[in-house]
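A short write-up of the structure that comes next.
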Amino acid sequence: MKKQEEKLASILAPFINAFKIPELRRKILITLLILVIFRIAAHIPVGGINLAGLKSLFQGNQLLGLLDIFSGGTLANFSVISLGLNPYINASIIMQLLTMVFPKLEEMSKEGEQGRQQMNQYTRYLTVPLAIIQSIGMYTLLRNQGLVTAFTPIEIITIVVSMTAGTIFLMWLGELITNYGIGNGISILIFVGIVVRTPVSLFQTFSVIDQQQVINLLIFAVVAILITAGIVFVNEGRRQILVQYARRYLGGRQTGGGAQTYLPLRVNQAGVVPIIFAVSLVLLPSFAGQYLSQVSQPQLQAVGRFLATYFTSQSLAYNVVYFLLVIGFTYFYTAVIFNPTKIADEIKKYGGFIPGIRPGSATSSYLNYILLRITLAGAIFLGFIAVLPSVASSITGLSTLVIGGTSLLIVVSVILDTAKQFESKLIERNYEGFLKR
């Protein structure tokens with residue numbers, strides 16, 4: 001009993017110590033306050049919608065349910081933040097793609113903190129028209145389903161403006177968490193949106209389960225545990241590259257160098273971002289199919305019926321596209337955040353080298369060679385576990401937990417990333433105290 005108490009005390013010690021540090025306590029309280037505001041906004045509805053019929057629609061559509069999970073239940077309530085962060089995520093994807101097309105944007109992205117802030121500003125500007133377009137599309141989709149009670153131009157404009165302003169407000173909350181709180185604000189908001197909807201998903205599962213499905217539920221639980229362990233294993237996996245530093249002499253004395261260190265290359269450099277990007281895009285064909293199937297032109301109706309029929313969450317096309325998007329975004333985002341040429345230049349600048357590899361371009365090529373191969377393993381693993389819940393659901397028949405399985409990828413990754421930032425803040429504080437002594 002005493003050992004268990006000591007173990008529990010060691011686990012809770014970092015959190016207790018964090019509240020003893022004014023700076024960390026302030027960051028934690030700011031983060032919690034913003035999350036409370038986020039959940040309050042999630043229950044402020046936009047007028048002109050039949051909410052009872054809307055909830056029935058979301059309960060009977062897995063793709064809409066998946067989107068509702070990532071919005072934190074705001075779509076089923078049709079709140080002012082019902083679009084969630086999808087317009088901002090799509091704007092980020094577009095801006096990252098544009099940096100590969102336009103050299104000026106690429107140069108701006110490499111200008112350090114000032115360039116990053118300018119790119120973020122452009123992303124915010126692009127978010128506004130995307131939010132307007134998506135809010136109009138959402139209104140049109142609900143109107144085709146007979147769930148809209150607002151038809152006058154003023155009422156329609158009010159709905160569009162409210163939803164657009166809600167997205168901008170949510171984006172602002174995420175940036176406040178990033179700048180003044182703990183963790184990445186956008187990821188934290190998505191994480192909270194998933195967590196608050198998990199009890200609903202579990203309740204729906206247990207309310208329809210029978211004795212024959214108990215074994216299937218146990219199988220699903222084992223798969224979820226294996227997925228969690230796999231995510232932790234891959235996120236913590238690293239390839240250690242040995243870097244040695246040459247000895248330096250000044251006046252016959254050694255002034256530095258001669259040491260060696262390791263450059264850690266993560267198996268999954270991109271973290272949770274590929275999953276978020278992939279989910280944002282993989283839902284588009286289904287929504288397009290539902291919209292096109294309601295138009296008057298026969299050719300577009302045929303395309304819409306095809307997409308709505310063959311691009312469901314249980315279809316082969318959906319899972320193949322989802323798998324490929326995760327792999328593609330893993331490579332894409334890794335290329336954005338990790339620059340082998342810059343790393344090689346930094347190593348050369350301080351007199352370092354990788355044994356057997358010449359400094360400069362040869363080191364850059366070697367790092368890129370290693371990174372491409374370890375990223376392939378991480379990308380395939382992420383893609384596999386992204387589609388595994390849908391496959392498991394088809395086998396076990398537990399369709400209500402597909403969303404929970406997919407969301408597990410984001411939940412575990414966000415927890416790991418936030419815990420590392422939290423730990424780094426504690427270590428940084430300890431070093432500051434040591435230097436003051």
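The table for this structure:
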{"quantity": "Looking only at segment 181-191, and only at residues there that are of a type outside the set (S, T, N, Q), open to solvent by less than 40 Å² (accessible area, probe 1.4 Å) and part of a helix (DSSP H, G or I), the one that is nearest to I410 (Cα to Cα)", "calculated": "I190"}
{"quantity": "Residues satisfying the stated conditions in segment 109-144, i.e. modelled with pLDDT under 85 and open to solvent by less than 50 Å² (accessible area, probe 1.4 Å)", "calculated": "G112, G115, G137, M138, Y139, T140, L141, L142"}
{"quantity": "Residue pairs meeting the criteria (Cβ under 6 Å; at least 6 apart or on separate chains; first part of a helix (DSSP H, G or I), in segment 225-237; second modelled with pLDDT under 80 and open to solvent by 20 Å² or more (accessible area, probe 1.4 Å))", "calculated": "I227/L408; N235/L416"}
{"quantity": "Matching entry among L281, L292 (being touching a Leu at 6+ places or on another chain (Cβ under 7 Å), free of Cβ contacts under 8 Å to residues at least 24 places away in the same chain, open to solvent by 10 Å² or more (accessible area, probe 1.4 Å) and within 21 Å of M138 (Cα to Cα))", "calculated": "L292"}
{"quantity": "Conditions (1) within 18 Å of S390 (Cβ to Cβ); (2) β-branched (V, I, T); (3) open to solvent by less than 40 Å² (accessible area, probe 1.4 Å): number failed by T312", "calculated": "(3)"}
{"quantity": "Residue that is most open to solvent (accessible area, probe 1.4 Å) [pool: residues in segment 32-60 that are touching a Phe, Trp or Tyr at 6+ places or on another chain (Cβ under 8 Å) and modelled with pLDDT of 75 or more]", "calculated": "P45"}
{"quantity": "Yes/no for L85 being surrounded by 14 or more Cβ atoms within 10 Å (Cβ to Cβ), under 17 Å from the mean Cα position of the chain (by Cα) and either farther than 30 Å from A42 by Cα or among the hydrophobic types (A, V, I, L, M, F, W, C) (or both)", "calculated": "yes"}
{"quantity": "Test set (1) within 29 Å of E107 (Cβ to Cβ); (2) in contact with a strand residue (DSSP E or B) (Cβ under 8 Å, 6 or more places away or on another chain) - A270 fails condition number", "calculated": "(2)"}
{"quantity": "Filter result for the condition that a residue is hydrophobic (A, V, I, L, M, F, W, C) and more than 24 Å from H43 (Cβ to Cβ), over M138, M171, M119", "calculated": "M119"}
{"quantity": "Test for T406: is it part of a helix (DSSP H, G or I), open to solvent by 30 Å² or more (accessible area, probe 1.4 Å), at pLDDT below 70 and under 20 Å from V282 (Cα atoms)", "calculated": "no"}
{"quantity": "Residue satisfying condition, being at pLDDT below 80, open to solvent by 60 Å² or more (accessible area, probe 1.4 Å) and assigned to a strand (DSSP E or B), within set Y262, Y249", "calculated": "Y249"}
{"quantity": "Whichever residue in segment 153-180 is among the polar types (S, T, N, Q) and farther than 19 Å from F78 by Cα and, among such residues, is least open to solvent (accessible area, probe 1.4 Å)", "calculated": "T178"}
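Yes/no matrix, rows are residues, columns are (1) open to solvent by less than 20 Å² (accessible area, probe 1.4 Å); (2) modelled with pLDDT under 85:
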residue	(1), (2)
T334	yes, no
E346	no, yes
Y366	no, no
L382	yes, yes
I385	yes, yes
L388	no, yes
T400	no, yes
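The values are calculated or read from the model by the stated rules, or taken from the named source; none is laboratory data. Since this is a predicted model, take the numbers as computed values, not measurements. Neighbour counts are summed over all protein chains in view; Cβ atoms, including those assigned to glycine, are modelled from backbone coordinates with ideal geometry. We work out accessible area using only protein heavy atoms, side chains counted, and drop any ligands, DNA or RNA first. Shrake-Rupley method; radii C 1.70, N 1.55, O 1.52, S 1.80 Å.
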